[in-house]
1. If you take the residues of segment 105-134 that are more than 13 Å from the ligand (Cβ to nearest atom) and part of a loop (DSSP other than H, G, I, E, B), which of them is farthest from residue 169 (Cα to Cα)?
2. Exactly one of (1) more than 22 Å from residue 107 (Cα to Cα); (2) within 13 Å of the ligand (Cβ to nearest atom) is unmet by residue 237. Its number?
3. Checking residue 206 against (1) away from the ligand (no atom under 12 Å from the Cβ); (2) modelled with pLDDT under 95; (3) crowded, with 23+ Cβ neighbours inside 10 Å, which test does it fail?
4. Within the group 218, 232, which residue is within 14 Å of the ligand (Cβ to nearest atom) and open to solvent by 10 Å² or more (accessible area, probe 1.4 Å)?
5. Out of curiosity, is residue 251 in contact (Cβ under 8 Å) with a residue 40 or more places away in the chain, in a helix (DSSP H, G or I) and out of contact with any His (no Cβ under 9 Å at 6 or more places or on another chain)?
6. In segment 67-82, is there at least one residue being in contact (Cβ under 8 Å) with a residue 24 or more places away in the chain, over 17 Å from residue 195 (Cβ atoms) and of a type outside the set (S, T, N, Q)?
7. Please enumerate the residues belonging to segment 204-215 that are closer than 19 Å to residue 127 by Cα and not in a strand (DSSP E or B).
8. Give just the number: which of (1) at pLDDT 95 or above; (2) touching a helix residue (DSSP H, G or I) at 6+ places or on another chain (Cβ under 8 Å) does residue 103 not satisfy?
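The values are calculated or read from the model by the stated rules, or taken from the named source; none is laboratory data. Bear in mind that the values here come from a model prediction, so they are computed numbers and not experimental data. As a convention, Cβ positions derive from the backbone with ideal geometry for all residues, glycine included, and neighbour counts pool all protein chains shown. Each accessible area value is taken on the protein alone, full model and side chains, heavy atoms only, with ligands, DNA and RNA left out. Shrake-Rupley method; radii C 1.70, N 1.55, O 1.52, S 1.80 Å.
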Amino acid sequence: MTRRRTFLRQLGASALLLGLDPTRLLKAGTAPSSPAPANPERFKEGHMLSTWNHGIVANEEGWRQMQNGGSATDAVVEGTAVVESDPTGTSVGLGGSPDREGFVTLDACVMGPNGDAGGVCFMEDIEHPVRVARKVMDTTPHVLLAGTGARDFALAHGFTTRDLLTENSKRAWEEWRKSAAYKPIINVENHDTIGMLAQDRDGRLAGACTTSGLAYKLRGRVGDSPIIGAGLFVDDEIGACTATGLGEAVMKTLGSFLVVELIRQGRTPQQACEEAVDRIMHKMPVADLQVGYLAMDTAGNAGSCAIHSGFNYARTIAGHTELVDAPHRN
Ligand code: SD4
């Protein structure tokens, strides 16, 4: 809010100098057109949203972080890191399904207050890409590191290597190789990236997104999840959004940025998620394609929408977590 006030003051001063009406300039400018209402009391200890049911454990860790004085960024990074370490999840971190050559390659990003962002993509052998993404954000002038460069960067910052292909995911890949048919299956095979959004007690917003991407993808394929604006976008004067599902559809419509921009223009998070889903449905056939959006604004309003049924998310307010089924449009 401080930055917005500074912006408004500067805008007003420049307009007056030029002999213009500052209120007319604001309408044409990029400042939020409908500032969200003040934070309700119940959100003051923190508020978190995470995709899918593994969002429950992510939010629990995020809540612990916040109770220990951690920021929204601490909550989303450490919350999603818990899911990265779960070998039973086949779409994130350890145990993630490999590409068609049998290599597990990971994508992740994080975005904090003030527009700070970092990410890694096509990275191998490192269990916690989301923590590496945070290092990129905190210690480099860059946003995204890829492949061996990302891996080397992680090693230089104290991360260690680990074989991320578990016996189970290897067995499933070997089974898949017998037919080698690539057909994404809605909500089962592909669609459980973890995206997490949080607002801390200081009102700061942050988000993180981490995935092993589509099972048996072409080697080198990178999805939406590490791409700022596609799999994740945070503007802590407005709101935050994360995406799950077929990354190509999200990238082609720059989905998370679109949702936050729609909130900026006055939509509720719910309306914004619906509109972003409708944009995909208008542009491409969606019978075999699932995408889900999850968003919050600075007032604690949440929204979600998916193309098809089956998408759910975990919401934590004041330490209480519930699993919510997202509405769908098809
Ligand atoms: C991707 N959006 O790489 C991710 C896939 C996903 O669980 O959501 N997987 O396209």
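1. 116
2. Going through (1) more than 22 Å from residue 107 (Cα to Cα); (2) within 13 Å of the ligand (Cβ to nearest atom) one by one, residue 237 breaks only (2).
3. Condition not satisfied by residue 206: (2).
4. Every option except 218 fails the conditions.
5. no
6. yes
7. Answer for segment 204-215, where residues must be closer than 19 Å to residue 127 by Cα and not in a strand (DSSP E or B): 212, 213, 214, 215.
8. (2)
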